Amino acid sequence: MRDKTVPIVLLLGLLMGVGCAEDSPTEEGVTDAGSADAGGDADSDGDADADADMDGDSDTDGDADTDGDADTDGDADTDGDADTDGDADSDGDADSDSDADSDSDADSDSDTDSDSDSDTTPPLIVHPVYPTDDVVLIDYHVVSQYGADNTGNDDASAAIQQALNDCYKDGGGTVWMPVGAYRVSATVTIPPFCTLRGDWQDPDVGTEYGTIVQAEIAQGSAPLFLIGGSAGVMGLTVFYPNQNADNPVEYGWTFEIRGYGDDLGTGSGNYNYHASSVINVTMLNSYRGIGVNAPPYEEDVHELSRVENVKGTALYRGLDARNCADVGMWRAIKFNNGYWADAPSAFDPPERATLDAWTRANGEAFVFADVEWDSFYNIAAEDYKIGIHLVDGARIAFAGQFAWVRITDTDVALTADVNSIDDRTSAWGVAVIRSVLEGSSNAVENNSTGYIHVTDSTLTGGIGGSGSGQVDVLNPGNSPTSYTECDSIPKITRWTLYNASQAPYNAPAIIGSLPTNDATAAIQQALTDAGNDGGGLVYLPPGWYRINSNLTVPANVELRGFSSVLHRSQSGLSNGTVLFAYEEGASNPALVTLAGDTAGVRGLRAFYPNNSFDSSNNWVEYPPAVRIDGVTDAYVVNVAVENGYRGVVAEAGSDGHFLKNVVGATTHGFIRIWSCSEGWIEDCHSNPNFWMRLNGYGITPWMSDPTHLWNVRKEYDRLIHIDDAANEHLLNNFSYAAHHGAHLYNATVEIVNIGTDNVGGNSVVVDGGSTVSVMNSMRYNGGANVHHMSGAVTSFNEMNLD
């Protein structure tokens, strides 16, 4: 077989002209912010140095600017090491001699410090070449710290794995793979509480790609990336140099999640049971794409899967997910052969017709078995034998909801095997809305005894199978034609790092025993300094931090924990950043108050040590975990409120709020929104099992009988409560054992994909002059899917099981 190693000069040359002005932080002269400055300050906050080629001008020496400005000759540094001439490397990280502060200090004097090589060790902020929805903070750098080769010449597997192993040993965090090509010849394991992150360009925007993994793993069943619990992969483009379009090589999964039952070398399968993520990845020519408890591991179980913004060519299987418990969210996933066929010549693109012929004869885009309550939004595939295939599972039968699915150029767009759909009632099963299902044989083929409900969708091809009579097609035509996505997710504009664990703050933290030293004042000082300086990111590295009172986050400041993805505590493992909350009293300030415009909190958990709830009505009244205090564009992302009284509250005037992957359990209200003009609540999940499984903090007794918690939640708790608010957008939200799923009073709200299990009241309550649309609702027990008291409501695809 001829050598198909990707020419790195060509790969990195593709970066010429790529800018990140859309994502660039504010450039400004900033004085020292009070963090420990060893003297050599590198501008990790995006402030421009006067003499270090970070002034927005094009270089002429062939080195790529970290500010996204194009070089005039298109060449980029490929070694990932700091330049000595003041030019930035192609990895988007600050040069070691260019005066960038990794400690939050931004120099305006450019190279006046004497020891300018000392402040570029992570944790630090890096400036990716391509746009991101967040400020990119890293804890480990595979090139500069571990010597991973990003030219594609030498095998980088061992270096990447060592960085991840160290990340896990130190409590979790983010491992950074800058722009370049990395040869990987062995399975890379992502341990619990760790994220492997690269620099990713959406392939629908351009084909420069960024961080490229050359998968030279042996054919067979071994995965390329094996992902643990509360762990994730982000921002990678994967290419198999030895793949063959005419006779495809049978590789294992590019990204695999095995869930409970496989320990990934960490000592307990429990550690990998929950909250694994694959986000912002491209697979140019995978044989198998993403597997979640896929054969032969289909009898394992996984919870809270997150797969989002995935694109590519997957020849045999795109996504295979089985035995997924409460509750997976799958969104913006697209498989078609154009991603490989239209790739640059360096990636050996075949003829599209060759690929189409093979996948139409052999390929399946999506395979699902015993997936319960899961929500699917904006998934697409074309040129497969089968688009969506529901198969018989090891534990239960499938029940889920699809919105805006597009399956085209298939033999069968959606097919269900015998025993694949939960058939306990005709009002249960599978819901599909505003979708396109196109099959040359059948649009829908149902061989199960369960029901498939299709509403306001375009079907090309017949409806067949032994269960064709259980396919309901309704086209009233008055359901909403789109969901209003947030086109500009809020984030801070001043990328300056304040590490609260380092001098001069030295916030105390510990992992493994209850923290006794109060960290409140130290963390607050870092937050205050960042606010006084015009904004910044205050970082709390992995650790348990005791908060005796409360924290206030000023304008344009983000309080950041360790994680770039969704995470949670789980039966003995509680790594990462955890705030131990001690201040009681529901009227006190919130544990974290977002007190200024564009203030945010990401990547941490709130835990209440004195709230074990070990007997009836033994909860403790606490203030909310997070309060948005009437400010605009505030955000709460990847935050777990593990056992609170109230979760997140947005006060009047908190316009443009953005809540995503807020998870956990409360007793008296998980998310509450008051008098706001617009906001988003997406992928949020409230479930008492968060509380029940908190035995990793060494507190006994802990929750000997969960019945008390269930009963209180079903009487008082609401997943989402919205009063006097306009233009609220709810997508893919779920609650178990609450009173209501969404309680809406005098509010204008669009809801897509909501699930409630064992509620004490109803899934959605519409009252007080509200105007509400509900698309896809799943309810088990409780009152009604939509309880209409007053106002205007339209509801489509209600599925219920009593």
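Selection of the range 151-162 for residues being assigned to a helix (DSSP H, G or I) and surrounded by fewer than 23 Cβ atoms within 10 Å (Cβ to Cβ) yields S157, A158, A159, Q161, Q162. Scanning the range 172-207 for residues that are modelled with pLDDT of 95 or more, open to solvent by 10 Å² or more (accessible area, probe 1.4 Å) and not in a strand (DSSP E or B) yields S185, A186, T187, Q201, D202, P203, D204, V205. For the range 307-327, taking the residues that are open to solvent by 10 Å² or more (accessible area, probe 1.4 Å) and assigned to a strand (DSSP E or B), the one that is farthest from L694 (Cα to Cα) is identified as Y316. Annotation: V454 fulfils all but one of (1) crowded, with 23+ Cβ neighbours inside 10 Å; (2) in contact (Cβ under 8 Å) with a residue 24 or more places away in the chain; the unmet one is (2). Looking only at residues that are under 21 Å from N727 (Cβ atoms), in a strand (DSSP E or B) and of a type outside the set (A, V, I, L, M, F, W, C) in the range 666-695, which one is most open to solvent (accessible area, probe 1.4 Å)? Within the range 666-695, the match that is most open to solvent (accessible area, probe 1.4 Å) is R672.
Here G596 passes the criteria (1) more than 22 Å from L137 (Cβ to Cβ); (2) open to solvent by less than 30 Å² (accessible area, probe 1.4 Å) except the one numbered (1). Scanning the range 528-553 for residues that are outside any strand (DSSP E or B) and over 25 Å from the mean Cα position of the chain (by Cα) returns T528, D529, A530, G531, N532, D533, G534, N548, S549, N550.
Is there a residue in the range 237-252 that is open to solvent by less than 10 Å² (accessible area, probe 1.4 Å), touching a Phe, Trp or Tyr at 6+ places or on another chain (Cβ under 6 Å) and within 30 Å of G543 (Cβ to Cβ)? No, because not a single residue in the range 237-252 is open to solvent by less than 10 Å² (accessible area, probe 1.4 Å), touching a Phe, Trp or Tyr at 6+ places or on another chain (Cβ under 6 Å) and within 30 Å of G543 (Cβ to Cβ). T516 meets all of the listed conditions (1) open to solvent by 60 Å² or more (accessible area, probe 1.4 Å); (2) modelled with pLDDT under 95 but one, namely (2).
Whenever a residue of the range 700-711 is free of Cβ contacts under 8 Å to residues at least 24 places away in the same chain, its partners that are assigned to a helix (DSSP H, G or I), lying with C-beta atoms within less than 7 angstrom and at least six residues away or across chains, give the pairs P706/M692.
Checked against the criterion of being out of contact with any Pro (no Cβ under 9 Å at 6 or more places or on another chain), crowded, with 19+ Cβ neighbours inside 10 Å and touching a residue at least 24 places away in the same chain (Cβ under 8 Å), the candidates S501, S426, S479, S440 yield just one match: S479.
Of all the listed residues (T748, T700, T707, T756), the sole one being surrounded by fewer than 24 Cβ atoms within 10 Å (Cβ to Cβ), out of contact with any Pro (no Cβ under 6 Å at 6 or more places or on another chain), under 29 Å from R434 (Cα atoms) and not small (G, A, S) is T748. Scanning the range 358-379 for residues being open to solvent by 20 Å² or more (accessible area, probe 1.4 Å), under 25 Å from the mean Cα position of the chain (by Cα) and more than 22 Å from E299 (Cα to Cα) gives a total of 1.
Would you call D629 buried (at least 23 other Cβ atoms within 10 Å of the Cβ) and among the acidic types (D, E)?
So D629 fails the test.
The values are calculated or read from the model by the stated rules, or taken from the named source; none is laboratory data. The model shown is predicted, which means the values in this text are computed figures rather than measured ones. Quick reminder, even Gly has a Cβ in these numbers, built from the backbone with ideal geometry, and neighbours come from all protein chains shown. Surface accessibility is based on the protein's heavy atoms, side chains included, excluding ligands, DNA and RNA. Shrake-Rupley method; radii C 1.70, N 1.55, O 1.52, S 1.80 Å.
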